[in-house]
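A.B. asks: I have a structure here, written as structure tokens, and I will follow up with some questions on it.
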Amino acid sequence: RMLDAERMLTSTQTAISKQGAPEVVKAIICRTDLEALHPETFSFAAMLLERGNIEVQTLFRGVLEKDERFVHAIKGLIHKAIDEARSDLMYIKRKYTRREQASIKDKRNKLSKLLRFIQLLCEGHFTPMQLLFNEQKGSNASINLWLELSKYLNLFKDATRLWRMNPRVMKQLLDTLTEGMQGPCKETQDVLIKANLHEFCGRLLCIRHDDYKNACEVFEFTWANNGELDDLYVKEVDEAVTTEEAAGAKRIVVQSKVLDLVAVQKSAVQTLMSMLEGCSDRKQYSVILDGLDVSTLLSQLGEGMRTARE
């Protein structure tokens, strides 16, 4: 039954794509004002590409390589997301209004869906798309999208800002960059090594779980099963911690934060592995390892395993 369902999904994806869906997606992204671009455009495209449909990927590549406006539009969306995240990081509040929460969630949701779309275009080590996002041959203004994506990480050079990352966005960004390198794609590996992605992953892996769960609170929890936690703050729980209900809610909040960090750190490990994949250059290998605090990483690995068991 599973095989039948997968065949049906693949045939449906391919049939819709052959009717011109990639052209429609490209036209919307290239012609729509960035402010007005709806995230469901990326959701639709992602559904066509889900599970690594190479025939659909090939159709998308055939459309995208003919119009450099697409890559420029994606670059614009990335820079817009960076500016918005920078503004949110500078404007630190302990508590947000519902309108502020909704605005921030919408921005993060759009970015996550964009990143997922880029990831699926390269799913299964689809080298032609990995290379297209490195360089648009014949273009007078070629853009390296992998380098542009890595610039988002510059927002979190400061440790206190790193603790304020959105786990869902950060995990998706790392997963997307990983897909760009796997295969391996040497061109993407070289770009991201020069961008010091390995050092950033090392810093992520060195975050202690106890430090992170007590850091500045966020209002969104990837791993929380209770939808009511969307509007729950640790500060509010602390004020009512004498009740059994509030104490239980606080435990869920803390557990959710730690599990979020574990998920991000797992993606960071996979990103590091993709940077080392197929590496035969001792100099490159040394550059990556020199950017990591191995003893701290091993200590954190033990803490992560204990957290997972709990």
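The values are calculated or read from the model by the stated rules, or taken from the named source; none is laboratory data. Please read these numbers as outputs of a predicted model, since none were measured by experiment. Note: ideal-geometry Cβ built from the backbone for every residue, glycine included; neighbour counts use all protein chains shown. Surface areas here come from the heavy atoms of the whole protein model, side chains and all, with no ligands, DNA or RNA. Shrake-Rupley method; radii C 1.70, N 1.55, O 1.52, S 1.80 Å.
A.B. asks: Go through the stretch 178-224 and report how many residues are surrounded by fewer than 21 Cβ atoms within 10 Å (Cβ to Cβ), at pLDDT 85 or above and among the acidic types (Asp, Glu).
C.D. replies: Total satisfying the criteria: 3.
A.B. asks: Quickly run through the stretch 73-93 and pick out the residues that are surrounded by 14 or more Cβ atoms within 10 Å (Cβ to Cβ) and more than 18 Å from Ser150 (Cβ to Cβ).
C.D. replies: Scanning the stretch 73-93 gives Ala73, Asp88.
A.B. asks: May I ask you to verify whether Ala85 is part of a helix (DSSP H, G or I) and more than 22 Å from Pro22 (Cβ to Cβ)? Reasoning before the result, please.
C.D. replies: Numbers: part of a helix (DSSP H, G or I): yes; more than 22 Å from Pro22 (Cβ to Cβ): yes.
Yes; evaluated as a whole, the condition is true for this residue.
A.B. asks: So the check is Cβ under 6 Å with 6+ separation or different chains; which pairs have a first residue in the stretch 263-286 that's within 29 Å of His209 (Cβ to Cβ) and touching a residue at least 12 places away in the same chain (Cβ under 8 Å) and a second one that's among the β-branched types (Val, Ile, Thr) and open to solvent by less than 50 Å² (accessible area, probe 1.4 Å)?
C.D. replies: Matching pairs, first to second residue: Gln270/Thr178; Thr271/Thr178; Ser274/Thr178; Met275/Ile288.
A.B. asks: Taking the criterion of being among the hydroxyl-bearing types (Ser, Thr, Tyr), part of a helix (DSSP H, G or I), touching a residue at least 60 places away in the same chain (Cβ under 8 Å) and surrounded by 13 or more Cβ atoms within 10 Å (Cβ to Cβ), would at least one residue in the stretch 27-41 satisfy it?
C.D. replies: Within the stretch 27-41 (the criterion being among the hydroxyl-bearing types (Ser, Thr, Tyr), part of a helix (DSSP H, G or I), touching a residue at least 60 places away in the same chain (Cβ under 8 Å) and surrounded by 13 or more Cβ atoms within 10 Å (Cβ to Cβ)), the answer is no, since none of the residues qualifies.
A.B. asks: Follow-up question, since we're still on this one. Residue under question is Thr160, and the condition is that it be open to solvent by 20 Å² or more (accessible area, probe 1.4 Å) and more than 16 Å from the chain's Cα centre (by Cα); does it hold?
C.D. replies: Judged against the criteria, Thr160 is a match.
Yes/no per residue for (1) over 19 Å from Met129 (Cβ atoms); (2) assigned to a helix (DSSP H, G or I); (3) open to solvent by 10 Å² or more (accessible area, probe 1.4 Å):
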position: Thr10; (1), (2), (3): no, yes, yes
position: Pro22; (1), (2), (3): no, yes, no
position: Val25; (1), (2), (3): no, yes, no
position: Phe44; (1), (2), (3): no, yes, yes
position: Gly52; (1), (2), (3): no, no, yes
position: Gln57; (1), (2), (3): no, yes, no
